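Quick notes on the structure that follows.
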Amino acid sequence: MGRPLTGEGNLRAPLPTPTLHTARLRLRAFEDTDVDDIFALQSNAHIVRYWDSPPWTERSRAEKFITTCRRMEQEGTGIRLAVDRVSDGAFVGWCTLNSWNPDFRSASLGYCYDVAAWGQGYATEAARALLEWAFDTLDLNRVQAEADTRNTASARVLEKLGFLREGTLREDCVVNGDVSDSWVYGLLRREWQPTPEQVPTH
């Protein structure tokens, strides 16, 4: 048997989406004007080739994405943040902390970035700011993340952040007939190494 779920049915307070700043990035709540950027990102087959779902084909998916962001906030289950480049205000991607379980003091990390932003350290920089906020605000003990075993770039991001690879989920995803495995990563509070320059603002 699996472990019993805790906190089922308990009403949670909303979890206000923060605005976070790093040296090069601003992490903020999604706005209706982000629909086109989100659709362009998630409909790009190259960007989502290691995802657990196929590329989007309908713009309405982006609208639902933003609605879900707001519902997560209102239900207190997690947050999704748009990531903008400070130098020119360009949208470069997004990151999320979801599946927050206050009883277990755990949550899951995820992110997605435009090809133009790859290889510049943005994913690591944004995730570090989000984790800094989350460990402080949500009193987390553990953060989990998963990566397709073919996605070595994402694995490197997680390892730079201090995540440890804990195992492999064998053939856990089937997308358009393509079967793949996932690595499971974990980061514990006692292993977390914060950086003082990334300070959240509200």
**Request:** Name every residue in segment 60-81 that is farther than 30 Å from THR137 by Cβ and either surrounded by 14 or more Cβ atoms within 10 Å (Cβ to Cβ) or touching a Ser or Thr at 6+ places or on another chain (Cβ under 8 Å) (or both), in order of residue number.
**Result:** none
**Item:** Single match in ALA134, ALA129 (criterion: at pLDDT 95 or above and either touching a Phe, Trp or Tyr at 6+ places or on another chain (Cβ under 6 Å) or closer than 28 Å to ASP84 by Cβ (or both))
**Value:** ALA129
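Restrict the check to segment 42-61 and report whether at least one residue is of a type outside the set (Phe, Trp, Tyr), assigned to a helix (DSSP H, G or I), modelled with pLDDT under 95 and out of contact with any Gly (no Cβ under 9 Å at 6 or more places or on another chain).
In the first step, residues of segment 42-61 are kept if they are of a type outside the set (Phe, Trp, Tyr); the result is 42-49, 52-55, 57-61.
Subset that is assigned to a helix (DSSP H, G or I): 42, 60-61.
Cutting the leftovers down to modelled with pLDDT under 95 gives us none.
There is no residue in segment 42-61 that is of a type outside the set (Phe, Trp, Tyr), assigned to a helix (DSSP H, G or I), modelled with pLDDT under 95 and out of contact with any Gly (no Cβ under 9 Å at 6 or more places or on another chain).
So which of GLY110, GLY93 is outside any loop (DSSP other than H, G, I, E, B), in contact with a helix residue (DSSP H, G or I) (Cβ under 9 Å, 6 or more places away or on another chain), closer than 23 Å to LEU158 by Cα and modelled with pLDDT of 95 or more? Working first, answer last.
On the way: GLY110 fails: in contact with a helix residue (DSSP H, G or I) (Cβ under 9 Å, 6 or more places away or on another chain).
Step by step, each of GLY110, GLY93 is checked, and only GLY93 is outside any loop (DSSP other than H, G, I, E, B), in contact with a helix residue (DSSP H, G or I) (Cβ under 9 Å, 6 or more places away or on another chain), closer than 23 Å to LEU158 by Cα and modelled with pLDDT of 95 or more.
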**Prompt:** Restricting the search to segment 132-145, which residues are touching a Leu at 6+ places or on another chain (Cβ under 7 Å) and not polar (S, T, N, Q)?
**Reply:** TRP133, ALA134, ARG142, VAL143, ALA145
**Request:** Can you give me the number of residues within segment 142-170 that are of a type in the set (S, T, N, Q), loosely packed, with under 14 Cβ neighbours inside 10 Å and outside any helix (DSSP H, G or I)?
**Result:** 1
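Would you confirm whether any residue within segment 123-138 is in a helix (DSSP H, G or I) and farther than 24 Å from GLY78 by Cα?
Taking segment 123-138 as the starting set, the residues that turn out to be in a helix (DSSP H, G or I) are 123-137.
Those left that are additionally farther than 24 Å from GLY78 by Cα: none.
So far as segment 123-138 goes, no, none of its residues is in a helix (DSSP H, G or I) and farther than 24 Å from GLY78 by Cα.
Which count do you get for residues in segment 183-195 that are in contact (Cβ under 8 Å) with a residue 40 or more places away in the chain and either under 23 Å from PHE104 (Cα atoms) or hydrophobic (A, V, I, L, M, F, W, C) (or both)? Before the answer, list the steps.
Kept after step one, since they are in contact (Cβ under 8 Å) with a residue 40 or more places away in the chain, are these residues of segment 183-195: 184-189, 192, 194-195.
Of the ones still in play, those that are also either under 23 Å from PHE104 (Cα atoms) or hydrophobic (A, V, I, L, M, F, W, C) (or both) are 184-189, 192, 194.
Here the count works out to 8.
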**Fill in**
Among ALA155, ALA116, the single one that is at pLDDT 95 or above, within 25 Å of ALA23 (Cβ to Cβ) and among the small types (Gly, Ala, Ser) is ALA155
**Request:** Quick one: SER99 ticks every box in (1) in a strand (DSSP E or B); (2) modelled with pLDDT of 95 or more; (3) within 19 Å of PHE65 (Cβ to Cβ); (4) not aromatic (Phe, Trp, Tyr) except a single one, so which number is it?
**Result:** (2)
**Prompt:** Give me the pairs: first residue in segment 27-53 and within 18 Å of ALA123 (Cβ to Cβ), second residue of a type in the set (Ser, Thr, Tyr) and surrounded by fewer than 17 Cβ atoms within 10 Å (Cβ to Cβ), beta-carbon distance under 6 Å, and six or more apart or on different chains, which are they?
**Reply:** ARG28/THR19
**Request:** Report the residue count in segment 53-98 for those that are closer than 17 Å to CYS112 by Cα and of a type in the set (Gly, Ala, Ser).
**Result:** 6
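The values are calculated or read from the model by the stated rules, or taken from the named source; none is laboratory data. Bear in mind the structure is a predicted one, so any value in this text is a computation, not a measurement. Here Cβ is always computed from backbone atoms with ideal geometry, including for glycine, and neighbour counts include all displayed protein chains.
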